[in-house]
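Below is one structure, written out as structure tokens; the observations come after it.
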Amino acid sequence: MDPHSSIYLAIVEKAYRKEASPIDAVPMSKYMRNQFNFLGIKAPRRSEISRDFLQKATRPLYDKLAEVIIELWSLEEREFQYFAIVLLEKYKKDFSHDTLPLIEHMLVEKSWWDTVDPVASKLAGHLFKINPELREPVVEKWISAGNFWLERSAILFWLKYKKDTDWDFLKTTIRRLRNSEEFFVQKAMGWVLREYSKVEPSRVREFITENELPCLTVREGLKFLKKQ
């Protein structure tokens, strides 16, 4: 790792550890089913601490970013993974095919909904929007990988697309995953259908009516439509 990146990481880690609150760390870890250790820094304070480290003049160069993100991902406390996500998001205009392995690393390592969801919806979603030729082969790879977090991601990357959603592609993906018994996959399908129903309600209503989908997916997918 180059000296600038090493210094950057050391300063970030020191600033975060200085703000650690063991008392707050306990319920934060419990909320995540004690799968991860926490420093105990709540979101508003994390934003304050991170502000200076996210300035363009301070951040690592893009070609040095991957090793910084991977190192942050390797640290024990969960707040460092949260910071890594926000940091990578600052480089969205630089995303290319070469960004995909880094995003996949973030999806399959230390996986839980609190990191998978923003990585899938914000980072992978943007990557596929500016590189649409990646969508079909990557979604195929993720669905075939036998990893339900990647299956969830193959759905959730559409979350913010609204009218730009490729409806036929999304329908095909949901049909392929509809027999999944995994809660997180069923929930993701319903969540994306619900969001899309805000712009194309008739399409979503028809799709749910005509397809045999998990009860959880149907319940989530119809939430907005029922309010209307």
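When Gly40 is evaluated against the numbered criteria (1) among the small types (Gly, Ala, Ser); (2) buried (at least 18 other Cβ atoms within 10 Å of the Cβ); (3) part of a helix (DSSP H, G or I), which criterion, by number, is the only one it fails?
(3)
Looking only at region 142-177, how many residues end up being touching an Asp or Glu at 6+ places or on another chain (Cβ under 7 Å) and assigned to a loop (DSSP other than H, G, I, E, B)?
The total comes to 1.
Checking the conditions here, which among Leu134, Leu213 is more than 29 Å from His105 (Cα to Cα) and at pLDDT 95 or above? So that I can check it myself, show each step before the final result.
Values: Leu134 fails: more than 29 Å from His105 (Cα to Cα).
Unique residue meeting the criteria: Leu213.
Please go through region 148-166 and give me each residue that is more than 15 Å from the chain's Cα centre (by Cα) and surrounded by 15 or more Cβ atoms within 10 Å (Cβ to Cβ), ordered by number. Working first, answer last.
So in region 148-166, the residues more than 15 Å from the chain's Cα centre (by Cα) come out as 162-166.
Within region 148-166, Thr165, Asp166 meet the criteria.
Could you go through region 196-204 and let me know if any residue there is of a type in the set (S, T, N, Q) and under 21 Å from Ser111 (Cβ atoms).
Initially, region 196-204 is screened for residues of a type in the set (S, T, N, Q), giving 197, 202.
From what's left, under 21 Å from Ser111 (Cβ atoms): none.
Taking every residue of region 196-204 in turn, none turns out to be of a type in the set (S, T, N, Q) and under 21 Å from Ser111 (Cβ atoms).
Quick one: how many residues across region 99-108 are under 12 Å from the mean Cα position of the chain (by Cα) and open to solvent by 20 Å² or more (accessible area, probe 1.4 Å)?
We begin by selecting, within region 99-108, every residue under 12 Å from the mean Cα position of the chain (by Cα); these are 103-108.
After this cut, where a residue has to be open to solvent by 20 Å² or more (accessible area, probe 1.4 Å) as well, the list is 104-105, 108.
The qualifying residues number 3.
State yes or no: is Tyr31 open to solvent by less than 60 Å² (accessible area, probe 1.4 Å), out of contact with any strand residue (DSSP E or B) (no Cβ under 9 Å at 6 or more places or on another chain) and within 30 Å of Trp142 (Cβ to Cβ)? Give the derivation first.
Values: open to solvent by less than 60 Å² (accessible area, probe 1.4 Å): no; out of contact with any strand residue (DSSP E or B) (no Cβ under 9 Å at 6 or more places or on another chain): yes; within 30 Å of Trp142 (Cβ to Cβ): yes.
Spelling it out, it is not the case that Tyr31 is open to solvent by less than 60 Å² (accessible area, probe 1.4 Å), out of contact with any strand residue (DSSP E or B) (no Cβ under 9 Å at 6 or more places or on another chain) and within 30 Å of Trp142 (Cβ to Cβ).
Scan Leu170, Leu156, Leu193, Leu177 and give me the residue that is modelled with pLDDT of 95 or more and under 25 Å from Lys90 (Cβ atoms). Spell out the reasoning first.
On the way: Leu170 fails: under 25 Å from Lys90 (Cβ atoms); Leu193 fails: under 25 Å from Lys90 (Cβ atoms); Leu177 fails: under 25 Å from Lys90 (Cβ atoms).
Just a single option satisfies the conditions, and that option is Leu156.
Would you mind telling me which numbered condition in (1) among the polar types (S, T, N, Q); (2) farther than 17 Å from Tyr16 by Cβ; (3) surrounded by fewer than 18 Cβ atoms within 10 Å (Cβ to Cβ) Thr58 fails?
(2)
Does Ser50 meet the test of being among the hydroxyl-bearing types (Ser, Thr, Tyr) and surrounded by fewer than 18 Cβ atoms within 10 Å (Cβ to Cβ)? Give the derivation first.
Numbers: among the hydroxyl-bearing types (Ser, Thr, Tyr): yes; surrounded by fewer than 18 Cβ atoms within 10 Å (Cβ to Cβ): no.
Criteria not met by Ser50.
Which residue out of Ser96, Ser111, Ser121 is among the small types (Gly, Ala, Ser), open to solvent by less than 20 Å² (accessible area, probe 1.4 Å) and either free of Cβ contacts under 8 Å to residues at least 40 places away in the same chain or at negative phi (or both)?
Working: Ser96 fails: open to solvent by less than 20 Å² (accessible area, probe 1.4 Å); Ser111 fails: open to solvent by less than 20 Å² (accessible area, probe 1.4 Å).
Unique residue meeting the criteria: Ser121.
Does Arg219 satisfy the condition of being under 20 Å from Phe169 (Cβ atoms), of a type outside the set (A, V, I, L, M, F, W, C) and surrounded by 15 or more Cβ atoms within 10 Å (Cβ to Cβ)? Quick ask: steps written out before the conclusion?
Working: under 20 Å from Phe169 (Cβ atoms): no; of a type outside the set (A, V, I, L, M, F, W, C): yes; surrounded by 15 or more Cβ atoms within 10 Å (Cβ to Cβ): yes.
Spelling it out, it is not the case that Arg219 is under 20 Å from Phe169 (Cβ atoms), of a type outside the set (A, V, I, L, M, F, W, C) and surrounded by 15 or more Cβ atoms within 10 Å (Cβ to Cβ).
Within region 167-215, can you find the residues that are under 19 Å from Asp117 (Cβ atoms) and surrounded by fewer than 15 Cβ atoms within 10 Å (Cβ to Cβ)?
Correct list: Glu182, Phe183, Lys198.
The values are calculated or read from the model by the stated rules, or taken from the named source; none is laboratory data. These figures come from a predicted structure and were not determined experimentally. All Cβ positions, glycine included, derive from the backbone under ideal geometry; neighbour counts span all protein chains shown. Accessible surface areas use protein heavy atoms only, side chains included; no ligands, DNA or RNA. Shrake-Rupley method; radii C 1.70, N 1.55, O 1.52, S 1.80 Å.
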